[in-house]
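Working notes, structure below.
The values are calculated or read from the model by the stated rules, or taken from the named source; none is laboratory data. No experiment lies behind these values; they were computed from the predicted model shown. Cβ: placed from backbone, ideal geometry, glycine included. Neighbour counts: every protein chain shown.
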């Protein structure tokens, strides 16, 4: 119906009415009365009210579609910054898809979007979690653990606190699987306030600001 703008041809009228009633009931329950202010009143909506509600909905839809696109573009740019910084210091990027495990990386190498296996809560099943940047410092010896970085960007403070649990979950999974030797950090760009940073610090997560990328050297890189 949404794509072709027509009702199913083979459905009975009574069945169509029944299904449309269910759709309408769901929409009525989910509709925000602060946006659709005419709901629950006898008077029909004015043209101004309809236009204002449509504008708000369109703005939210645009944001929902655009935000992931912007974040992905920001992540690519952030990883390019990390790559340039590492290569000027003699690090070499490992080709993706070569099957090398993160803990078998040679010293002085790095890789992006590498899968790291972690155990689930039952301790039996395992899943792969992607890490944005995995770096094996030059000073590392054999069987040492690389340093993990997650690229994060935010255009405002609104959604950062909603996303802060994502990193905490990853850290918990990594530590429960590999112990305290895990170093999982953030590479930040944009608006991250003290509430977000304090939450991450409490989980043992450190960070580097993109505009202070030379601080990565403090991690022994």
> Looking at region 112-135, which of its residues are surrounded by 11 or more Cβ atoms within 10 Å (Cβ to Cβ), more than 15 Å from residue 187 (Cβ to Cβ) and over 19 Å from the mean Cα position of the chain (by Cα)?
Replying inline: 119, 120, 126
> Out of 1, 100, which single residue is surrounded by 11 or more Cβ atoms within 10 Å (Cβ to Cβ), part of a loop (DSSP other than H, G, I, E, B) and outside the structural domain of residue 137 (by TED's automatic domain parsing)?
Replying inline: 1
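Looking at the structure I just gave you, is residue 27 farther than 30 Å from residue 109 by Cα, out of contact with any helix residue (DSSP H, G or I) (no Cβ under 7 Å at 6 or more places or on another chain) and either in a loop (DSSP other than H, G, I, E, B) or free of Cβ contacts under 8 Å to residues at least 24 places away in the same chain (or both)?
Yes, satisfied.
Is it true that residue 106 is over 25 Å from the mean Cα position of the chain (by Cα), surrounded by fewer than 18 Cβ atoms within 10 Å (Cβ to Cβ) and either at pLDDT 85 or above or in the same structural domain as residue 208 (by TED's automatic domain parsing) (or both)? Write out each step before concluding.
Working: over 25 Å from the mean Cα position of the chain (by Cα): yes; surrounded by fewer than 18 Cβ atoms within 10 Å (Cβ to Cβ): yes; either at pLDDT 85 or above or in the same structural domain as residue 208 (by TED's automatic domain parsing) (or both): yes.
In short, yes.
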>> I'd like the full set of residues that are at negative phi and either free of Cβ contacts under 8 Å to residues at least 24 places away in the same chain or not in a strand (DSSP E or B) (or both), limited to region 116-125.
In response: 120, 121, 122, 124, 125
